[in-house]
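Before any comments, here is the structure.
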Number of protein chains: 2
Amino acid sequence: MTTSPRIDRARLLGRLETFNRIGALPGGGNCRLALSDEDRAGRDLLVRWMGELGLAVTIDAIGNIIGVRRGRSEELAPVMFGSHVDTVGTGGRYDGLYGVLAGLEVCEALSDASVATRRPLALVAFTNEEGSRFAPYAMGSLVYVGGLALGDAYAIRGIDGATVGAELRRIGYVGKAKPGWLKPHAYLELHIEQGPILEDEGLVIAAVEAIAGLAWTEVTATGRSGHAGTTPMHLRHDAAHIAGEIAVFVRRLACEIGGHQKGTVGRIELYPNLVNVIAERAVLTVDLRNTDAAQLQRAERALAACLDQLAARENVSISTRGLAHFAPVTFPAEIVSLVEATARELGLPCRRLPSGAGHDAQMMARICPTGMIFVPSIGGLSHNVREDTKPEHLEAGAAVLMRAAMRLAD
Amino acid sequence: MTTSPRIDRARLLGRLETFNRIGALPGGGNCRLALSDEDRAGRDLLVRWMGELGLAVTIDAIGNIIGVRRGRSEELAPVMFGSHVDTVGTGGRYDGLYGVLAGLEVCEALSDASVATRRPLALVAFTNEEGSRFAPYAMGSLVYVGGLALGDAYAIRGIDGATVGAELRRIGYVGKAKPGWLKPHAYLELHIEQGPILEDEGLVIAAVEAIAGLAWTEVTATGRSGHAGTTPMHLRHDAAHIAGEIAVFVRRLACEIGGHQKGTVGRIELYPNLVNVIAERAVLTVDLRNTDAAQLQRAERALAACLDQLAARENVSISTRGLAHFAPVTFPAEIVSLVEATARELGLPCRRLPSGAGHDAQMMARICPTGMIFVPSIGGLSHNVREDTKPEHLEAGAAVLMRAAMRLAD
């Protein structure tokens, strides 16, 4: 006899709390950079919990972890949901992890209520969603959908010089399964908003309708080092000054284009990086995003023109390397409507929203109907150790995920 | 019987060549950061060479190395000359080292010619002139003249977290002598110009008349980290953007003030320094210099005003820490004239010049009549692995040093 399944808030919060002891930073927040020792410890715990709930766990060759809960019709494609468990260097408690552990809670709530869905359910934790250590981001899901060859992914070198392949082997997460082995009927991802809009408008749920496109560019400016006290200002070829000009330009560009355009210089490294030496070389990253493909292209062209002008004016050599490039993604209307309808049934105030952040759902949309559910971020903070979401909102999001997944699976 | 002493160009070049195998960088140039293993190896070689020439070597408590050549009147204060043997991270072959090894060649040339000067001669290699690892620069000479207490110098922490005291002990250069133990009659420093003027004008020698004053400031901007894709542009408190604004401002400021004003941002460090995270914190250095004290103060005030404006406009916290602050120094006319006259006697085209770079001579001027001799830098390059000076110019500078020192010592 089945009862109506119910999310257990305390259990969900308890698992989040326990998991977040891994890679906890002294002042709060978490650091579980992809394929680090902390990432491994998190993966080990997740695999154990999946096993304890009776999910059949499979690791694929890029390290994605999938736990399958049986359905009444085993031959049907499963409804997949999940997210990732890695973090940025100064990450919060819920970015990624919430979607995975809420998925685990959904499985346990269904089992507690003895619910067997028609289609199997598949809970996934994708490898290296953040991309902070190894670009591009969403690497595990990108390989899963065939957008990046496994060998190419293994060869990618991170900011610390290590490769994806070597680090995957080191932490013991090169599985035997071929990425993409399980083709889903649909994919749902529950995530924190990571922005301020739901909180500002007093809403609890967003049905995500699109994901911004993105271009990550690594810029290397090579000038000429020299003595800071003797080199006349007009004879300088100062790579640090170039880095400064680019940081100022990117900000102005994003503000000028307006709308959903974002622009960020998050990384700058100078060489030799000494107080009394004009910098010979600067390596920096530019992150441009927009939900509007044409505006994103406009921003990319403007950046390229700026770099050309700086190189000519300052007589420095500037080269670029694309780290990631993804077009905007629009989710199918039926999934967006399903999320909206589910939230309304549960009495949760909801709106449609585009996502400025990239997600694994962006890749999964290439192989199956895909959608996302957002819950509010307090103060809109994310990629920040003070990232937070109210417990009742964490519970509400999990409830929407459960109802929407049940509907897709039946 | 004495003959006329003569600089042996091949011997001087040979010693420079041998010494520069220590800390040689793969693509050319040298790295012997102060109190590093490479600095120790260089010191050991210098002490050995001083001993082989019969100089009486004394190490003082800040690691300055002084080798004394006897004079006919032992009770008189010696004529001191020298420079330093440490380098910046991407240093050239002659910055500092030339002045020390030319001094060694002067001693050997005098001995070859059986010349005994009336006053003793003292060859010095001062500790940590560059200041790249431990600020302030010219630390050894500053302690020597009583401008920095020994205990305060020992406590200074470098860019790698090590302290001066611990590193001095580690490399075995905490000597027993009290810094300042030997009060010179006069101090001469032979150095490469590190700028383009002598070469541009086809000259061989500069009689240095002044040294620019300098203010080194470490700026820390603390904003708020956040997600590069979701944080609206107008809600950002982006420390990397602040660093960029400061780099652009410092360049514009120096160009606007003009004259001998220099301004350099040589070091920028972001935290967490990741492509998709708005930087929470930026630490950078600003190096301002001018031979005109009033203009230097004007530049410092303008920088402070800029930081205040940025902090207010971007709602970030900006703090500063002074790393070094020295007023401009003017050398006494009689020493400048002596250098000029000596160059003319040797038939070497010469001019007067202020120095944009700081030197140990700047500190020594506090305790005795002091002067400097410059030789040309090819392309004006310095603090650069391609720093170079023609062999005939290296010889010419050593000859001027020898003649000027002999005149002061007799």
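Throughout, read-outs are computed from the coordinates displayed, never taken from laboratory work. Source: prediction; values computed, not measured. Positions of Cβ are generated from backbone atoms using ideal geometry, with glycine treated the same way; all protein chains shown enter the neighbour counts.
Shortest first, in nm, what separates the label point of B:Arg366 from those of the same position in the other copies (7 Å along Cα→Cβ)?
Copy-to-copy label distances at B:Arg366, shortest first: 6.6 nm.
Classify the stretch B:331-410 from the C-alpha gyration tensor, please: rounded if a/c falls under 1.5, else prolate or oblate depending on whether a/b exceeds b/c. Don't jump to the answer; show the numbers that get you there.
Working: a/c = 2.03, a/b = 1.24, b/c = 1.63.
Judged from the Cα gyration tensor, the stretch B:331-410 comes out oblate (a/c at least 1.5, b/c at or above a/b).
Output the antiparallel fraction of DSSP beta bridges having both residues in the protein assembly as shown, as a percent to the nearest 5. Display every interim value, and only then the final one.
Values: 92 of 136 bridges.
The antiparallel proportion sits near 70 percent.
On a full-extension model of 0.36 nm per residue, what is the gain between B:Asp8 and B:Leu235, subtracting their alpha-carbon distance, rounded to one decimal in nm? Could the numbers behind the result be given before it?
Details: separation 227, 0.36 × 227 = 81.72 nm, distance 6.73 nm.
So the chain would gain 75.0 nm between B:Asp8 and B:Leu235.
Would you please state which residues of the stretch A:94-125 a label at A:Ser73 would reach in this model, taking the label point 7 Å out along Cα→Cβ and a backbone N cut-off of under 19 Å?
Answer for this model: A:115-122.
Translational D (Stokes-Einstein, µm²/s) of the protein assembly as shown at 4 °C and 1.567 mPa s when Rh comes from the Kirkwood sum over C-alpha pairs?
Details: Rh = 29.5 Å.
D = 44 µm²/s.
List the trypsin sites (Lys or Arg not before Pro) within the stretch B:168-199 that DSSP assigns to loop and that have no more than 10 neighbouring Cβ atoms inside 10 Å. Write down the numbers at each step before the final one.
Values: sites: B:Arg169, B:Arg170, B:Lys176; in loops: B:Lys176.
In loop regions of the stretch B:168-199 (DSSP not H, G, I, E or B), the sparsely surrounded trypsin sites (Lys or Arg not before Pro) are B:Lys176.
Work out from phi, with θ = phi - 60° and the Karplus expression 6.51 cos²θ - 1.76 cosθ + 1.60, the ³J(HN,Hα) of each residue of the stretch B:264-271, listed in order in whole Hz, and give x for Gly and Pro.
9, 9, x, 10, 9, 10, 9, 9
Would you tell me the mean number of C-beta atoms belonging to other protein chains that fall within 10 Å of each C-beta in B:87-96, as a whole number?
Taking the mean over all residues of the peptide, I get 3.
Could you tally the net charge around A:Asp287, taking each other residue with its Cβ under 10 Å from the Cβ of A:Asp287, Lys/Arg +1 and Asp/Glu -1? Each step should come with its number before you reach the end.
Numbers: positive: A:Lys262, A:Arg267, A:Arg289; negative: none.
Neighbourhood net charge equals +3.
To the nearest 0.05, what FRET efficiency results for B:Gln309 and A:Ile378 with a Förster distance of 35 Å applied to their C-beta separation?
Values: r = 31 Å, r/R0 = 0.87.
The value I calculate is 0.70.
Of B:Cys255, B:Cys350, B:Cys31, which has the largest mean-square fluctuation in a 10 Å C-alpha GNM of chain B?
Of B:Cys255, B:Cys350, B:Cys31, the most mobile in the Gaussian network model is B:Cys255.
Can you work out which chain B residue has the shortest Cβ-to-axis distance for the rotation that carries B onto A, and give it in Å?
Per the Cβ-to-axis criterion, the result reads B:Gly244, 2.
Determine the relative contact order of the stretch A:213-326: mean sequence separation of Cα pairs under 8 Å and six or more apart, normalised by residue count, in whole percent.
Numbers: 234 pairs, mean separation 50.1, N = 114.
Reported as a whole number, the value is 44 percent.
Once fully extended, how much extra length lies between A:Ala162 and A:Ser114, figured as 0.36 nm per residue of separation less the alpha-carbon to alpha-carbon distance? Kindly include the intermediate steps, with their values, before the conclusion.
Numbers: separation 48, 0.36 × 48 = 17.28 nm, distance 4.58 nm.
Going from the current span to full extension adds 12.7 nm.
Work out the mean other chain Cβ neighbour count within 10 Å for the residues of A:350-356 and drop it here as an integer.
Numbers: counts 0, 0, 0, 0, 0, 2, 6.
The per-residue average across the peptide is 1.
Normalised by the number of residues in chain A, what is the relative contact order in percent for Cα pairs under 8 Å and 6+ residues apart?
Details: 969 pairs, mean separation 94.2, N = 410.
Relative contact order comes out at 23 percent.
Which residue, B:Arg301, B:Arg15, B:Arg289, tops the fluctuation ranking in a GNM of chain B built on C-alpha contacts under 10 Å?
Most flexible of the set in this elastic network: B:Arg301.
With θ taken as phi - 60° and the coefficients 6.51, -1.76 and 1.60, list the Karplus ³J(HN,Hα) couplings across the stretch A:102-116 in order, rounded to whole Hz; mark glycine and proline as x.
5, x, 5, 5, 4, 4, 5, 4, 5, 5, 4, 8, 6, 8, 10
Rounded to the nearest 500, what is the 222 nm mean residue ellipticity of chain A from helices alone, with -39500 (n - 2.57) per DSSP H run of 4+ residues and division by all residues?
On the way: 12 runs with 145 residues, N = 410.
The helix contribution divided over chain A gives -11000 deg cm²/dmol.
At B:Leu13, with labels set 7 Å past Cα in the Cβ direction, how many nm apart are the copies from this one, shortest first?
So the label point of B:Leu13 gives 8.0 nm to the other copies.
Could you compute the FRET efficiency for A:Cys255 and A:Arg169, with r as their C-beta to C-beta distance and R0 at 41 Å, rounded to 0.05? The partial results should precede the final answer.
On the way: r = 44 Å, r/R0 = 1.08.
Calculated transfer efficiency: 0.40.
What is the sum of charges around B:Arg70, taking Lys and Arg as +1, Asp and Glu as -1, for the other residues whose C-beta is under 13 Å from the C-beta of B:Arg70?
Working: positive: B:Arg69, B:Arg72, B:Arg118, B:Arg119; negative: B:Glu74, B:Glu75.
Summing Lys/Arg as +1 and Asp/Glu as -1 gives +2.
For chain A, with the dipole built from +1 on Lys and Arg beta-carbon atoms and -1 on Asp and Glu ones, taken about the Cα centre, which of A:Val329, A:Ala149, A:Val400 lies farthest toward the positive end?
Result: A:Ala149.
Across peptide B:68-75, how many C-beta atoms of other chains are within 10 Å of each residue C-beta, on average? Write out the running numbers ahead of the final one.
Details: counts 0, 0, 0, 0, 0, 0, 0, 0.
Whole-number average of other-chain Cβ neighbours for B:68-75 is 0.
Could you work out the mean projected area of the convex hull around the alpha carbons of chain A, in square nanometres to one decimal?
On the way: hull surface 81.2 nm².
Hull-based average projected area comes out at 20.3 nm².
Taking the Cα atoms only, what angle lies between the long axis of helix B:239-257 and the longest principal axis of chain B, rounded to 10 degrees?
It works out to around 50 degrees.
Using the Kirkwood radius built from alpha carbon pairs, what does the Stokes-Einstein equation give as D for the stretch A:213-326 at 25 °C and 0.890 mPa s, in µm² per second? Each step should come with its number before you reach the end.
Working: Rh = 14.4 Å.
Roughly 170 µm²/s, to the nearest whole number.
What are the nm distances, shortest first, from A:Lys390 to its equivalents in the other copies, labels at 7 Å along Cα→Cβ?
Distances between equivalent label points, in nm: 7.9.
Which residue, B:Ala56, B:Ala305, B:Ala343, has the most motion in a Gaussian network model of chain B that connects Cα atoms within less than 10 Å?
Evaluated over chain B, the most mobile residue of the options is B:Ala305.
Over what distance in Å are the Cα centres of the stretch A:29-73 and the stretch B:385-405 separated?
Between the Cα centre of the stretch A:29-73 and that of the stretch B:385-405, the gap is 68 Å.
Short version: ³J(HN,Hα) in whole Hz for each residue of the stretch B:215-231, in order, from phi by Karplus 6.51 cos²θ - 1.76 cosθ + 1.60 (θ = phi - 60°), x for Gly and Pro, what are they?
3J(HN,Hα) across the stretch B:215-231, in whole Hz: 10, 9, 10, 9, 10, 10, 10, 10, x, 9, 6, x, 7, 5, x, 10, 7.
DSSP loop (so not H, G, I, E, B), at most 14 other Cβ within 10 Å: list which trypsin sites (Lys or Arg not before Pro) in the stretch B:324-404 pass both filters.
Values: sites: B:Arg344, B:Arg351, B:Arg352, B:Arg366, B:Arg386, B:Arg403; in loops: B:Arg366, B:Arg386.
Hits after loop and neighbour filter: B:Arg366.
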